[in-house]
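Presented below is the structure to which this report refers.
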Amino acid sequence: MTSLRDTVPLRVAEGVKPVNIPRFGLGVYESEGQDCYNSVLWALEAGYRLIDSAEWYENEEESGRAIHDFMKQSGTPRSEIFYTTKLMQNRGYDHVKKSIKKSLKLAGMDYIDLYLIHGPQPNEKMRLECWRAIEDAVAEGTIRAAGVSNFGIRHLEQLHSAGLKVPIALNQIDLHPFMRRDELVEYCHSKGIVMEAWGPLVRGMRFDHSAIVSLAKKHGKSPAQVLLRWGLQKDYVVIPKSIKKERVVANKDVFDFELSKADMASLEDLDEHLVTDWDPSEGP
């Protein structure tokens, strides 16, 4: 049985201290202003230790402020909180260095635990140039581990073929029973790339699906908790989002039950390639 404080190791550059990412965290996509601040603070108070933000979300400042306020009030050291943010646009080396500096300043942090390229657009040349800038930031100590978001197999292979100094530690993408991406998951696992589900709750689109409702009743859990448990048992990192305190707290209550092999099999049959928001993984 897993627990809220379970972590998984990330691949890092040679000479960099080991980096372990919590298996369970809070995503703050579309969380604005005070809502974002509150949800991050509530999550940390409830025991979460992974916070996932992004330049695109325009809430790095609120995320960082909540983290710092929590550390101050609780005495929790920065080393016990894992902070992720992401590059919004792939515009070349200099742009990436400026974006990293801006993200650090907004969050009020000296380093970022995990920095991701948010998407593969526009082309291979820009992806590689951005990765080179990230590699230099890792060498400088402002980033501990690096990865990507919404990358398909072709995008990952292009990076690997370039001879990377910093390994791709993680691929954050839409993963849930209705979008399993078996081929991509198998590829990433073969390369030691951790899979992280940014939409583990299917954005609420399938809470009323008969298979989800049936398992929720069977285990005395909510549909959200069933979906999160599926992701954990698939060995994914899951980062559910909510701006409601009761849901932030309830979402973490997934470590006192386990889906059986039959339960998991019933969920494996639900794949319908459901795109819940954005999927550039098969693009150029």
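Is it the case, given these coordinates, that SER63 is assigned to a loop (DSSP other than H, G, I, E, B), under 18 Å from ASN251 (Cβ atoms) and of a type in the set (Gly, Ala, Ser)? Steps first, answer last, please.
Numbers: assigned to a loop (DSSP other than H, G, I, E, B): no; under 18 Å from ASN251 (Cβ atoms): yes; of a type in the set (Gly, Ala, Ser): yes.
So SER63 does not fit the description; no.
Applying the condition of being without any contact (Cβ under 8 Å) to a residue 24 or more places away in the chain and not in a loop (DSSP other than H, G, I, E, B) to segment 155-181 and asking which residue is nearest to ASP235 (Cα to Cα) yields GLU157.
The rows are residues; the columns are (1) surrounded by 17 or more Cβ atoms within 10 Å (Cβ to Cβ); (2) touching a Leu at 6+ places or on another chain (Cβ under 6 Å); (3) without any contact (Cβ under 8 Å) to a residue 24 or more places away in the chain.
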site	(1), (2), (3)
GLY25	yes, yes, no
GLN34	no, no, no
ASP69	no, no, no
SER79	no, no, yes
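Taking segment 191-224 as the range and being within 15 Å of the chain's Cα centre (by Cα) and of a type in the set (A, V, I, L, M, F, W, C) as the test, the residues that pass are ILE193, VAL194, MET195, ALA197, TRP198, LEU201, VAL202. When the test is whether a residue is among the aliphatic types (A, V, I, L, M) and touching a residue at least 40 places away in the same chain (Cβ under 8 Å), LEU44 does not pass it.
Residues in segment 129-159 that are under 18 Å from ARG11 (Cβ atoms) and small (Gly, Ala, Ser): ALA137, ALA139, GLY141, ALA145, ALA146, GLY147, SER149. Looking at segment 81-105 only, could you name the residues that are over 18 Å from SER63 (Cβ atoms) and surrounded by 21 or more Cβ atoms within 10 Å (Cβ to Cβ)? Correct list: ASN90, VAL96. Residues in segment 247-267 that are surrounded by fewer than 13 Cβ atoms within 10 Å (Cβ to Cβ) and assigned to a helix (DSSP H, G or I): LYS261, ALA262, ALA265.
Can you tell me which of (1) surrounded by 21 or more Cβ atoms within 10 Å (Cβ to Cβ); (2) in a loop (DSSP other than H, G, I, E, B) is the one ARG5 doesn't meet? If we test ARG5 against (1) surrounded by 21 or more Cβ atoms within 10 Å (Cβ to Cβ); (2) in a loop (DSSP other than H, G, I, E, B), just (1) comes out false. Just checking, which of ARG181, ARG206 is modelled with pLDDT of 95 or more, within 25 Å of GLN225 (Cβ to Cβ), of a type in the set (Lys, Arg) and touching a Phe, Trp or Tyr at 6+ places or on another chain (Cβ under 7 Å)? Checking each option against the conditions leaves just ARG206.
Would you please name the residue that is farthest from the chain's Cα centre (by Cα), looking only at residues in segment 81-91 that are in contact (Cβ under 8 Å) with a residue 40 or more places away in the chain and under 11 Å from CYS130 (Cα atoms)? Ranking the candidates gives ASN90 first.
The values are calculated or read from the model by the stated rules, or taken from the named source; none is laboratory data. It should be emphasised that the depicted structure is a prediction, and the values quoted were computed from it without experimental measurement. Because the Cβ atoms are built from the backbone with ideal geometry, glycine has one as well, and the counts that use them run over all protein chains shown.
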